[in-house]
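Enquirer: Here's a structure for you.
The values are calculated or read from the model by the stated rules, or taken from the named source; none is laboratory data. Remember, it's a predicted structure, so these values are computed and weren't measured experimentally. FYI the Cβ positions are ideal-geometry reconstructions off the backbone, even for glycines, and counts take in every protein chain you see. Surface areas here come from the heavy atoms of the whole protein model, side chains and all, with no ligands, DNA or RNA. Shrake-Rupley method; radii C 1.70, N 1.55, O 1.52, S 1.80 Å.
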Amino acid sequence: MTPATQRPDPPYQRIAAQFRTRILTGDLRPGDRVPSIRQIAQRWGVAVATATKVVAVLRDEGLVEAKVGAGTVVRARPSRNERPAVQPRPRQAGGPRGVLNREHVLRTAIAIADAEGLDAVSMRRLAAELGTGPMSLYRHVTGKDELMTQMADEVFGEADLPASGPEGWRAKLELISRRQWELCRRHLWLPKAVSFTRPLLVPNMMAHTEWTLRALDELDLPMDIRIREALTLPALVSTLALSLAQEAEAEQETGMTLDGWRLIQRNRAEALLSSGRFPLLALISEETGSDLDAMFDYLLACHLDGFAAMLERAAARPR
């Protein structure tokens with residue numbers, strides 16, 4: 001093929017080559033943060049799918065690795081006398097069928113999302129992690145949409161919901177809300193995978209709704225009120241949990257922790273708060289607004305107090 005007819009490399013290969021050069025020349029050192037998928041997409045003006053391929057190529061070559069809470073970083077290269085920390089996975093596309101199973105596929109996808117966020121999960125990336133061809137995954141999921149749905153359902157199955165639960169409707173609702181908060185803390189991407197307008201019809205998530213409805217059996221409530229309560233509780237959890245995910249994404253994309261961000265903002269904050277314009281805000285400690293566990297406790301207590309007051313008003317009305 002003559003130079004005139006040679007096709008240029010795809011964009012993801014050209015971008016990956018730039019990172020490869022920087023890593024091999026020492027411009028990017030082991031442990032240095034690599035731009036996130038979103039940053040690559042914005043900086044080079046490419047689609048998220050293309051940026052995902054860039055990171056996948058670098059990871060397959062052993063140049064970068066995912067670190068929980070840090071994103072993608074340059075991987076330490078072993079010396080000549082050392083074996084690599086992770087051996088390359090053999091491709092299984094031509095191997096015997098049935099090597100993979102659904103649980104293995106989902107758990108690998110969940111691990112990727114836990115470390116790098118939901119945007120990092122793709123069929124191609126998942127296949128690379130499993131050492132197989134993308135087409136082999138379609139025996140277990142029909143595509144990325146179903147993969148996300150099954151990942152969320154798998155995670156909801158981690159919660160231990162007792163058959164009967166504690167005594168009283170309030171204790172039961174508090175229990176399931178705290179179980180779901182724990183899931184969102186463990187899997188920061190989970191709120192993004194859940195829809196309340198287009199609910200996912202999968203068994204583990206439906207079991208959470210069914211359990212909440214049973215928790216309200218002792219109350220003389222119409223079913224429409226019960227289902228609204230069963231949907232409102234997880235909506236409260238997910239809404240607050242999005243802040244957890246946003247903070248993790250901010251740390252990965254900027255390389256700056258919340259404490260570091262506060263330190264940079266401190267002079268500006270002190271100037272504003274010492275001006276006398278905001279005397280009440282000046283009394284608030286930095287930790288109060290960022291302690292999401294305490295905020296969750298407050299939000300849950302306020303909601304359950306309000307639900308209890310609604311029940312009292314309904315009981316006082318003449319039938």
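Quick grid of which residues meet (1) modelled with pLDDT under 85; (2) surrounded by 21 or more Cβ atoms within 10 Å (Cβ to Cβ); (3) among the polar types (S, T, N, Q):
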| residue | (1), (2), (3) |
| --- | --- |
| Ala111 | no, no, no |
| Gly117 | yes, yes, no |
| Leu126 | no, yes, no |
| Thr142 | no, no, yes |
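Enquirer: Filter region 215-233 for residues that are in a loop (DSSP other than H, G, I, E, B) and of a type outside the set (D, E, K, R); which is surrounded by the most Cβ atoms within 10 Å (Cβ to Cβ)? If you could, list the steps in order and put the result at the bottom.
Expert: Taking region 215-233 as the starting set, the residues that turn out to be in a loop (DSSP other than H, G, I, E, B) are 216-222.
With the extra rule that they be of a type outside the set (D, E, K, R), the set shrinks to 216, 219, 221-222.
Working: Leu216: 19, Leu219: 14, Leu221: 17, Pro222: 8.
The residue in question is Leu216.
Conditions tested, residue by residue: (1) farther than 29 Å from Leu221 by Cα; (2) at pLDDT below 75; (3) open to solvent by less than 60 Å² (accessible area, probe 1.4 Å).
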position	(1), (2), (3)
Glu251	yes, yes, yes
Leu258	yes, yes, yes
Gly276	yes, no, yes
Leu281	yes, yes, no
Met310	no, no, no
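Enquirer: In region 201-214, which residue that is at pLDDT 90 or above and either touching a strand residue (DSSP E or B) at 6+ places or on another chain (Cβ under 9 Å) or of a type in the set (A, V, I, L, M) (or both) is most open to solvent (accessible area, probe 1.4 Å)?
Expert: Of all residues in region 201-214, those at pLDDT 90 or above come to 203-214.
After this cut, where a residue has to be either touching a strand residue (DSSP E or B) at 6+ places or on another chain (Cβ under 9 Å) or of a type in the set (A, V, I, L, M) (or both) as well, the list is 205-207, 213.
Details: Met205: 25, Met206: 98, Ala207: 49, Leu213: 27 Å².
Ranking the qualifying residues of region 201-214, first place goes to Met206.
Enquirer: Can you give me the number of residues within region 100-158 that are more than 22 Å from Trp181 (Cα to Cα) and either among the basic types (Lys, Arg) or in contact (Cβ under 8 Å) with a residue 60 or more places away in the chain (or both)?
Expert: 8
Enquirer: Within region 98-109, track down each residue that is in a helix (DSSP H, G or I) and open to solvent by 50 Å² or more (accessible area, probe 1.4 Å).
Expert: Filtering region 98-109 for residues in a helix (DSSP H, G or I) gives 102-109.
The answer is Arg102, Glu103, His104, Arg107.
Enquirer: I need a count of the residues in region 171-198 that are open to solvent by less than 80 Å² (accessible area, probe 1.4 Å) and part of a helix (DSSP H, G or I).
Expert: Result for region 171-198: 16.
Enquirer: Now for a separate question. Within region 42-62, can one find any residue that is touching a strand residue (DSSP E or B) at 6+ places or on another chain (Cβ under 6 Å), modelled with pLDDT of 85 or more and within 26 Å of Ala245 (Cβ to Cβ)?
Expert: yes
Enquirer: Please enumerate the residues belonging to region 9-28 that are out of contact with any strand residue (DSSP E or B) (no Cβ under 6 Å at 6 or more places or on another chain) and part of a loop (DSSP other than H, G, I, E, B).
Expert: The first filter runs over region 9-28 and keeps only residues out of contact with any strand residue (DSSP E or B) (no Cβ under 6 Å at 6 or more places or on another chain), leaving 9-22, 24-27.
Selection gives Asp9, Pro10, Thr25, Gly26, Asp27.
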